[in-house]
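For reference, the structure discussed in these notes is given below.
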Amino acid sequence: MKRIFLQILFIGFISLFGNCYFNPFVQGIVNPVEEKDDTASAMALGIVGAAGAFSSGSQVVVATGQILDYMGMPAISHTVTVTSRSFELDNLPLSTTTDTGGRFYIMTTVGSTELSVSQFLGGPEVLRFRLEIETNSINVADLVSEADYTISGLEVQNPENSILYFDLMSSYPNHGSMVPFVPESLNLTFSENLPASLLDLPPNEQLFWASGNISISPTIIIDSVYFNSEQGAPPKDVSIYWDTESFQPDVEYTITLSPGIRSETGKVLKTTTIKFTYSPES
(Lines give C-alpha, C1' and ligand atoms only; values in the text may rest on other atoms or scores of the structure.)
Protein backbone atom coordinates (compact mmCIF):
# COMPACT_ATOMS: atom_id res chain seq x y z
CA MET A 1 0.00 0.00 0.00
CA LYS A 2 2.82 2.39 0.82
CA ARG A 3 4.42 1.84 -2.60
CA ILE A 4 1.09 2.42 -4.41
CA PHE A 5 0.55 5.63 -2.43
CA LEU A 6 4.01 6.89 -3.37
CA GLN A 7 3.43 6.08 -7.03
CA ILE A 8 0.14 7.98 -7.06
CA LEU A 9 1.77 10.91 -5.30
CA PHE A 10 4.64 10.94 -7.85
CA ILE A 11 2.24 10.81 -10.83
CA GLY A 12 0.23 13.67 -9.37
CA PHE A 13 3.38 15.72 -8.96
CA ILE A 14 4.36 15.17 -12.60
CA SER A 15 0.84 16.07 -13.77
CA LEU A 16 0.98 19.29 -11.82
CA PHE A 17 4.18 20.47 -13.50
CA GLY A 18 3.90 18.62 -16.82
CA ASN A 19 2.82 21.66 -18.80
CA CYS A 20 5.74 23.83 -17.78
CA TYR A 21 8.04 23.60 -20.80
CA PHE A 22 11.05 25.07 -19.05
CA ASN A 23 10.81 23.09 -15.81
CA PRO A 24 14.21 21.32 -15.58
CA PHE A 25 12.87 18.43 -13.50
CA VAL A 26 10.17 17.62 -16.05
CA GLN A 27 12.61 18.05 -18.94
CA GLY A 28 14.95 15.54 -17.35
CA ILE A 29 12.19 12.95 -17.24
CA VAL A 30 10.41 13.43 -20.56
CA ASN A 31 13.45 14.37 -22.62
CA PRO A 32 16.64 12.66 -21.38
CA VAL A 33 18.54 13.93 -24.41
CA GLU A 34 22.13 13.37 -23.35
CA GLU A 35 21.56 9.78 -22.35
CA LYS A 36 19.92 8.98 -25.67
CA ASP A 37 22.49 10.82 -27.77
CA ASP A 38 25.50 8.86 -26.51
CA THR A 39 24.21 5.49 -27.72
CA ALA A 40 22.49 6.74 -30.86
CA SER A 41 25.49 8.72 -32.03
CA ALA A 42 27.91 5.88 -31.46
CA MET A 43 25.68 3.51 -33.45
CA ALA A 44 25.28 6.06 -36.25
CA LEU A 45 29.03 6.47 -36.50
CA GLY A 46 29.51 2.73 -36.68
CA ILE A 47 31.90 2.72 -33.75
CA VAL A 48 30.02 0.57 -31.26
CA GLY A 49 32.28 -2.42 -30.76
CA ALA A 50 34.95 -0.91 -33.00
CA ALA A 51 35.92 1.57 -30.33
CA GLY A 52 36.12 -1.25 -27.83
CA ALA A 53 38.68 -2.98 -30.00
CA PHE A 54 41.22 -0.36 -29.01
CA SER A 55 42.72 0.17 -25.59
CA SER A 56 42.31 3.48 -23.79
CA GLY A 57 45.95 4.23 -24.61
CA SER A 58 45.55 3.83 -28.38
CA GLN A 59 44.59 7.51 -28.83
CA VAL A 60 41.68 6.81 -31.17
CA VAL A 61 39.35 9.79 -31.60
CA VAL A 62 36.42 10.97 -33.70
CA ALA A 63 37.09 14.08 -35.77
CA THR A 64 34.09 16.11 -36.92
CA GLY A 65 33.60 19.32 -38.86
CA GLN A 66 31.19 21.08 -41.21
CA ILE A 67 32.23 21.52 -44.85
CA LEU A 68 30.85 24.57 -46.67
CA ASP A 69 30.89 25.22 -50.41
CA TYR A 70 31.90 28.47 -52.16
CA MET A 71 28.50 30.01 -51.32
CA GLY A 72 28.80 29.15 -47.65
CA MET A 73 26.18 26.41 -47.98
CA PRO A 74 26.66 22.95 -46.41
CA ALA A 75 28.36 20.46 -48.72
CA ILE A 76 25.75 17.69 -48.44
CA SER A 77 26.50 14.04 -49.34
CA HIS A 78 30.15 14.72 -50.17
CA THR A 79 32.71 11.95 -49.82
CA VAL A 80 35.51 12.54 -47.29
CA THR A 81 38.46 10.18 -47.79
CA VAL A 82 41.51 9.62 -45.60
CA THR A 83 44.67 9.87 -47.71
CA SER A 84 47.13 9.41 -44.83
CA ARG A 85 47.41 9.48 -41.06
CA SER A 86 50.12 9.25 -38.44
CA PHE A 87 49.03 5.84 -37.16
CA GLU A 88 47.27 3.16 -39.16
CA LEU A 89 45.19 0.79 -37.06
CA ASP A 90 42.86 -2.03 -38.00
CA ASN A 91 39.13 -1.21 -38.26
CA LEU A 92 39.65 2.51 -38.83
CA PRO A 93 37.42 3.71 -41.71
CA LEU A 94 39.00 5.15 -44.85
CA SER A 95 36.06 7.33 -45.88
CA THR A 96 32.74 8.79 -44.78
CA THR A 97 29.93 10.93 -46.21
CA THR A 98 28.76 14.34 -45.04
CA ASP A 99 25.25 14.55 -43.59
CA THR A 100 22.36 16.93 -44.33
CA GLY A 101 24.25 19.72 -42.55
CA GLY A 102 27.49 19.14 -44.49
CA ARG A 103 29.08 17.63 -41.37
CA PHE A 104 31.47 14.67 -41.42
CA TYR A 105 32.44 12.30 -38.61
CA ILE A 106 35.44 10.06 -39.04
CA MET A 107 37.29 7.81 -36.65
CA THR A 108 41.05 8.43 -36.69
CA THR A 109 44.04 8.79 -34.38
CA VAL A 110 45.88 11.51 -32.53
CA GLY A 111 48.52 13.10 -34.78
CA SER A 112 48.09 14.12 -38.42
CA THR A 113 45.23 12.99 -40.65
CA GLU A 114 45.05 14.15 -44.27
CA LEU A 115 41.62 14.22 -45.90
CA SER A 116 40.36 14.72 -49.44
CA VAL A 117 36.79 15.82 -50.24
CA SER A 118 34.87 15.15 -53.46
CA GLN A 119 31.25 15.65 -54.45
CA PHE A 120 30.87 11.90 -54.92
CA LEU A 121 33.00 8.79 -54.49
CA GLY A 122 35.71 8.80 -57.15
CA GLY A 123 34.82 12.34 -58.25
CA PRO A 124 37.23 15.26 -58.65
CA GLU A 125 38.71 16.72 -55.48
CA VAL A 126 37.10 19.97 -54.27
CA LEU A 127 38.96 20.28 -50.97
CA ARG A 128 42.10 18.88 -49.36
CA PHE A 129 43.31 19.56 -45.83
CA ARG A 130 45.26 18.15 -42.91
CA LEU A 131 43.99 17.83 -39.35
CA GLU A 132 46.43 18.13 -36.47
CA ILE A 133 44.73 16.28 -33.62
CA GLU A 134 45.37 15.92 -29.91
CA THR A 135 43.04 14.29 -27.42
CA ASN A 136 41.45 17.62 -26.51
CA SER A 137 42.16 19.85 -29.53
CA ILE A 138 41.97 19.87 -33.30
CA ASN A 139 43.32 22.31 -35.91
CA VAL A 140 43.23 22.45 -39.68
CA ALA A 141 46.37 23.01 -41.75
CA ASP A 142 47.36 23.12 -45.44
CA LEU A 143 43.81 23.69 -46.65
CA VAL A 144 43.69 23.73 -50.44
CA SER A 145 40.51 24.27 -52.48
CA GLU A 146 40.29 25.58 -56.00
CA ALA A 147 36.49 25.48 -55.54
CA ASP A 148 36.66 27.81 -52.48
CA TYR A 149 35.35 25.24 -50.00
CA THR A 150 35.90 25.90 -46.29
CA ILE A 151 35.58 24.10 -42.93
CA SER A 152 33.95 25.21 -39.70
CA GLY A 153 32.85 23.72 -36.39
CA LEU A 154 35.81 21.38 -35.96
CA GLU A 155 35.84 19.21 -32.86
CA VAL A 156 37.58 16.11 -31.53
CA GLN A 157 35.49 13.62 -29.56
CA ASN A 158 35.90 10.48 -27.48
CA PRO A 159 34.71 7.60 -29.73
CA GLU A 160 32.94 5.92 -26.81
CA ASN A 161 30.97 9.08 -25.97
CA SER A 162 30.52 10.81 -29.30
CA ILE A 163 27.86 13.46 -29.98
CA LEU A 164 25.92 13.91 -33.21
CA TYR A 165 25.25 17.55 -34.08
CA PHE A 166 22.81 19.24 -36.37
CA ASP A 167 23.85 22.45 -38.10
CA LEU A 168 22.77 25.79 -39.46
CA MET A 169 22.07 25.46 -43.18
CA SER A 170 21.69 29.13 -44.06
CA SER A 171 20.93 32.52 -42.58
CA TYR A 172 19.96 36.04 -43.55
CA PRO A 173 21.95 38.10 -42.97
CA ASN A 174 24.59 35.50 -43.78
CA HIS A 175 28.03 35.27 -42.21
CA GLY A 176 30.52 37.84 -43.50
CA SER A 177 27.94 39.90 -45.37
CA MET A 178 27.47 43.67 -45.62
CA VAL A 179 23.82 44.73 -45.90
CA PRO A 180 22.80 48.15 -47.28
CA PHE A 181 19.66 48.38 -45.15
CA VAL A 182 18.58 47.27 -41.71
CA PRO A 183 17.20 43.71 -41.95
CA GLU A 184 13.72 43.32 -40.53
CA SER A 185 14.61 39.97 -39.01
CA LEU A 186 17.21 37.26 -38.64
CA ASN A 187 16.14 34.26 -40.71
CA LEU A 188 17.61 30.84 -39.87
CA THR A 189 17.29 27.48 -41.62
CA PHE A 190 18.57 24.35 -39.88
CA SER A 191 19.63 20.97 -41.26
CA GLU A 192 17.00 19.20 -39.16
CA ASN A 193 13.62 20.03 -37.70
CA LEU A 194 13.28 21.87 -34.42
CA PRO A 195 10.92 20.40 -31.80
CA ALA A 196 7.24 20.67 -32.76
CA SER A 197 6.56 21.56 -29.11
CA LEU A 198 8.00 25.04 -29.78
CA LEU A 199 4.92 25.79 -31.87
CA ASP A 200 2.65 25.26 -28.86
CA LEU A 201 4.47 27.69 -26.60
CA PRO A 202 2.84 31.04 -25.83
CA PRO A 203 4.63 34.01 -27.47
CA ASN A 204 6.41 35.01 -24.26
CA GLU A 205 7.96 31.55 -23.88
CA GLN A 206 8.96 31.45 -27.55
CA LEU A 207 10.67 34.79 -26.93
CA PHE A 208 12.35 33.31 -23.85
CA TRP A 209 13.62 30.38 -25.98
CA ALA A 210 15.11 32.77 -28.55
CA SER A 211 16.65 35.17 -26.01
CA GLY A 212 18.19 32.26 -24.10
CA ASN A 213 19.78 30.66 -27.17
CA ILE A 214 20.61 33.58 -29.47
CA SER A 215 22.90 36.40 -28.37
CA ILE A 216 23.62 39.56 -30.36
CA SER A 217 26.58 41.91 -29.86
CA PRO A 218 26.33 44.90 -29.76
CA THR A 219 23.00 44.24 -28.08
CA ILE A 220 19.86 44.24 -30.21
CA ILE A 221 16.59 43.47 -28.44
CA ILE A 222 14.60 40.53 -29.82
CA ASP A 223 10.93 41.50 -30.16
CA SER A 224 9.25 38.31 -31.36
CA VAL A 225 9.79 34.88 -32.90
CA TYR A 226 8.07 33.15 -35.80
CA PHE A 227 8.48 29.42 -36.52
CA ASN A 228 7.74 28.61 -40.16
CA SER A 229 5.68 25.41 -40.06
CA GLU A 230 3.32 23.80 -42.54
CA GLN A 231 0.20 22.40 -40.90
CA GLY A 232 1.84 22.02 -37.50
CA ALA A 233 4.85 20.05 -38.78
CA PRO A 234 8.13 20.47 -36.86
CA PRO A 235 9.76 23.67 -38.16
CA LYS A 236 13.16 23.94 -39.86
CA ASP A 237 12.97 27.70 -40.35
CA VAL A 238 12.70 30.43 -37.74
CA SER A 239 12.54 34.21 -38.05
CA ILE A 240 13.80 36.36 -35.19
CA TYR A 241 12.29 39.85 -35.31
CA TRP A 242 14.33 42.53 -33.58
CA ASP A 243 14.40 46.22 -32.75
CA THR A 244 15.49 47.70 -36.10
CA GLU A 245 15.93 51.18 -34.63
CA SER A 246 18.84 49.97 -32.48
CA PHE A 247 21.13 49.26 -35.45
CA GLN A 248 24.04 51.60 -36.08
CA PRO A 249 25.69 52.08 -39.49
CA ASP A 250 29.12 50.59 -40.23
CA VAL A 251 29.05 48.44 -37.10
CA GLU A 252 29.82 44.71 -37.23
CA TYR A 253 27.19 42.68 -35.39
CA THR A 254 27.96 39.21 -34.03
CA ILE A 255 25.18 36.67 -33.55
CA THR A 256 25.92 33.52 -31.56
CA LEU A 257 23.64 30.48 -31.67
CA SER A 258 24.13 28.29 -28.60
CA PRO A 259 23.98 24.49 -28.08
CA GLY A 260 20.74 25.06 -26.16
CA ILE A 261 19.07 24.84 -29.58
CA ARG A 262 18.15 21.20 -30.15
CA SER A 263 16.57 19.28 -32.98
CA GLU A 264 13.36 17.28 -32.85
CA THR A 265 15.48 14.13 -32.37
CA GLY A 266 17.52 15.69 -29.55
CA LYS A 267 20.68 16.53 -31.48
CA VAL A 268 22.68 19.52 -30.24
CA LEU A 269 23.49 22.56 -32.38
CA LYS A 270 27.21 23.19 -32.60
CA THR A 271 27.92 26.75 -31.39
CA THR A 272 27.59 28.90 -34.51
CA THR A 273 28.64 32.51 -35.13
CA ILE A 274 27.21 34.86 -37.75
CA LYS A 275 28.90 38.22 -38.34
CA PHE A 276 27.50 40.93 -40.58
CA THR A 277 27.76 44.67 -41.01
CA TYR A 278 25.00 47.18 -41.66
CA SER A 279 26.58 49.49 -44.21
CA PRO A 280 24.20 51.95 -45.90
CA GLU A 281 26.81 52.74 -48.58
CA SER A 282 27.46 49.09 -49.57
Open item on the list: Condition first: at pLDDT below 95, charged (D, E, K, R) and either more than 18 Å from L188 (Cα to Cα) or open to solvent by less than 30 Å² (accessible area, probe 1.4 Å) (or both). Now tell me which residues in segment 251-282 satisfy that.
Closed with: E281
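Any idea how many residues of segment 75-98 are β-branched (V, I, T), outside any loop (DSSP other than H, G, I, E, B) and open to solvent by less than 70 Å² (accessible area, probe 1.4 Å)? Walk me through how you get there before you give the answer.
Our first condition is that a residue be β-branched (V, I, T); within segment 75-98, this holds for 76, 79-83, 96-98.
The next check asks that each one be outside any loop (DSSP other than H, G, I, E, B); those that pass are 79-83, 96-97.
Those still in the list that are open to solvent by less than 70 Å² (accessible area, probe 1.4 Å) too: 79-82, 96.
Here the count works out to 5.
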TODO: Name, by its number, the condition in (1) at pLDDT 95 or above; (2) open to solvent by less than 30 Å² (accessible area, probe 1.4 Å); (3) not β-branched (V, I, T) that does not hold for A141.
DONE: (1)
Open item on the list: Testing S171 on (1) over 25 Å from V61 (Cα atoms); (2) not in a strand (DSSP E or B), one condition comes back false. Which one is that?
Closed with: (2)
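Determine which member of the set E160, E146, E132 is part of a strand (DSSP E or B) and surrounded by fewer than 17 Cβ atoms within 10 Å (Cβ to Cβ). Outline the logic, then answer.
Numbers: E160 fails: part of a strand (DSSP E or B); E146 fails: part of a strand (DSSP E or B).
Answer to the check: E132.
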Task: Filtered residues of segment 183-233 (kept if of a type in the set (D, E, K, R) and in contact with a strand residue (DSSP E or B) (Cβ under 6 Å, 6 or more places away or on another chain)) - done: E192, D223
Open item on the list: Pairs please, first residue from segment 161-173 and over 18 Å from N193 (Cα atoms), second anywhere and modelled with pLDDT under 95 and open to solvent by 30 Å² or more (accessible area, probe 1.4 Å), Cβ atoms under 7 Å, 6+ apart in sequence or on different chains.
Closed with: N161/D38; S162/L45
Open item on the list: Quick check on my filter: what residues within segment 104-120 are under 15 Å from L154 (Cα atoms), assigned to a strand (DSSP E or B) and of a type in the set (A, V, I, L, M, F, W, C)?
Closed with: F104, I106, M107, L115
- [ ] Could you tell me which of the residues G123, G101, G72, G65 is in contact (Cβ under 8 Å) with a residue 40 or more places away in the chain, surrounded by 19 or more Cβ atoms within 10 Å (Cβ to Cβ), part of a loop (DSSP other than H, G, I, E, B) and touching a strand residue (DSSP E or B) at 6+ places or on another chain (Cβ under 9 Å)?
- [x] G101
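Against the definition (open to solvent by 30 Å² or more (accessible area, probe 1.4 Å), under 30 Å from T108 (Cβ atoms) and out of contact with any Cys (no Cβ under 8 Å at 6 or more places or on another chain)), how does N204 come out, yes or no? First the steps, then the outcome.
Working: open to solvent by 30 Å² or more (accessible area, probe 1.4 Å): yes; under 30 Å from T108 (Cβ atoms): no; out of contact with any Cys (no Cβ under 8 Å at 6 or more places or on another chain): yes.
Taking the combined requirement at face value, the residue does not satisfy it.
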Task: Of all residues making up segment 224-240, the number that are open to solvent by less than 70 Å² (accessible area, probe 1.4 Å) and under 14 Å from W209 (Cα atoms) - done: 6
TODO: Check S224 against each of (1) at pLDDT 95 or above; (2) assigned to a loop (DSSP other than H, G, I, E, B); (3) in contact with a Leu (Cβ under 9 Å, 6 or more places away or on another chain) and name the one condition it does not meet.
DONE: (2)
Task: Residue in segment 172-195 that is farthest from T265 (Cα to Cα), counting only those that are open to solvent by less than 30 Å² (accessible area, probe 1.4 Å) and of a type in the set (A, V, I, L, M) - done: V179
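The values are calculated or read from the model by the stated rules, or taken from the named source; none is laboratory data. Please read all numbers here as calculations on a predicted model, not as lab measurements. All Cβ positions, glycine included, derive from the backbone under ideal geometry; neighbour counts span all protein chains shown. Heavy atoms of the whole protein, side chains included, go into the accessibility calculation; ligands, DNA and RNA do not. Shrake-Rupley method; radii C 1.70, N 1.55, O 1.52, S 1.80 Å.
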